[in-house]
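Undergrad: Input: one structure, supplied below.
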Amino acid sequence: MKKIKKLLAVFAAVSVALMLPVQTMAAVDLNAKYDISTNQIQGWPAGPDITSDTGILMDADTGVVLYNKGGDEQRYPASITKIMTLLVAVENSTMDEKVTFTETGVRNVTADSSNIGTQVGEVLTMEDCLYALIIQSANDVAAQIAEHIGGTEQAFIDMMNQRASEIGCANTHFANSSGLPDDNHYSSARDMALIFREGLKNETFRTVVGTPDYIIQPTNMNSQQRILHTHHPMFAPESGFYYKGCIGGKTGTTVAAGHTLVTGVTRDNTTYIAVTMRGTELSNSCMDSTAMFNYAFENFTKTEVNGGYVFLPKGVELNSLTEKSENTNGKTETGYYFGDYLIGTASVAQATDTPVPEPTAGAEDSQETDSSGSEASTEVAEEDNSKTTEKSTAGEDTSEKKSIPAQRKILLIIMAAMILILIALLAALRIKEKKHHK
């Protein structure tokens, strides 16, 4: 059954890939500079001036964006690509599956590529692979996961692109499962936040990204333990960049991509996702992310409304917002706007009319009785007589029902007797005919 599900997923991905227009080389302008678009909203709290080329701060529950600097502009993602690899993997495999390494994965075991030193023929569980993918950022493991699940690397990459499209990524195209340099491999800060947000809906995904330490036990071709520890400074308690409430994320770096960073933080029942792309140093990416998180927690209040939440800027009252509602698929969908900017959503099931059952004979009798009970005393007496009569009639009806089986028995006996008489008459006629012929 698992193999059938995988084949169906691969078939669907390939079918969609064939229907999509051919991707051209990405026109990623690494020299472009972008303003903080949210700072241009009248009355909006001024956001921090981050050093990364692009960045975004999104609420994980609603998708509301509180900070945006070039969030829709394309940049090379590097190893934060592996967030999508993880999502597709957990949706199309189980943790106890055995993954046998081939040349596909092992070819990435080089000095200039992050890896865990796998060998051809080595067997790891999918669980081991997923932790190595995220914690160690192992490129050999990324390629082997792709081949194991997709049958071929390209089939898995097609699945990644299909899933990105389903999530709503408008500026993303993957060319591999690891994030290694490729001109046709790009994404945006908003798209990476959307992918991470989708992943957080999956329990296995949350567990893997939320684990800072893991040990891969000896395998059939490696006698040593592989001890893994997170590379994400904001997730490592010993780091000077550790951020309280961090639930994990992913780092990435190549020459063209610079430093990329995806981070999730949960505080006070609110989970924010920060993404920075093309930072000059990992430390700067961490400081940019920290600045965005602090900005969100200090300047916005998550406020519950019927069927959802809104994020109120500091000093703004709920009744000052503009509401826009529409009925869709039996639900009333409401958007809450600060000026023209969406800051919250709510979804409430529409009320349906409850069908009123037609009154039964018993109910009609009860209504008549209640009505007569409010009349004068003489009418009450008449009502009592009427009830007595009804009881008598009901008793007669009951006795009649009981007499039905007895009547049936008598009829059956009479019919049987008539049949016997008929048989006797026929026999007599037959005898008489024989004598007549003689």
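Undergrad: Looking only at strands (runs of 3 or more DSSP E) that lie completely in segment 207-300, which have at least 2 residues being of a type in the set (A, V, I, L, M, F, W, C), surrounded by fewer than 18 Cβ atoms within 10 Å (Cβ to Cβ) and free of Cβ contacts under 8 Å to residues at least 24 places away in the same chain?
TA: Because the criterion is at least 2 residues that are of a type in the set (A, V, I, L, M, F, W, C), surrounded by fewer than 18 Cβ atoms within 10 Å (Cβ to Cβ) and free of Cβ contacts under 8 Å to residues at least 24 places away in the same chain, no strands (runs of 3 or more DSSP E) in segment 207-300 meet it.
Undergrad: Of everything in segment 314-347, what is assigned to a loop (DSSP other than H, G, I, E, B) and surrounded by fewer than 16 Cβ atoms within 10 Å (Cβ to Cβ)? Give them in sequence order.
TA: Passing the criteria: Lys314, Gly315, Glu317, Asn329, Gly330, Gly339, Asp340.
Undergrad: Something else about it: Could you give me the residue pairs with C-beta distances under 6 Å whose first residue belongs to segment 97-109 and is closer than 15 Å to Ala138 by Cβ, whose second residue is in a loop (DSSP other than H, G, I, E, B) and among the charged types (D, E, K, R) wherever it lies, and which are 6+ apart or on separate chains?
TA: Final answer for the pair search is Phe101/Glu122.
Undergrad: Any idea which of Val120, Val90 is in contact (Cβ under 8 Å) with a residue 24 or more places away in the chain and among the β-branched types (Val, Ile, Thr)?
TA: Step by step, each of Val120, Val90 is checked, and only Val90 is in contact (Cβ under 8 Å) with a residue 24 or more places away in the chain and among the β-branched types (Val, Ile, Thr).
Table: residues versus (1) closer than 14 Å to Pro45 by Cα; (2) among the hydrophobic types (A, V, I, L, M, F, W, C); (3) not assigned by TED's automatic domain parsing to the domain that holds Lys33.
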residue	(1), (2), (3)
Val265	no, yes, no
Asp268	no, no, no
Ala274	no, yes, no
Gly279	no, no, no
Asn284	no, no, no
Asp288	no, no, no
Met292	yes, yes, no
Phe300	yes, yes, no
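The values are calculated or read from the model by the stated rules, or taken from the named source; none is laboratory data. For clarity, every value in this text was computed on a predicted model and none was experimentally measured. Here Cβ is always computed from backbone atoms with ideal geometry, including for glycine, and neighbour counts include all displayed protein chains.
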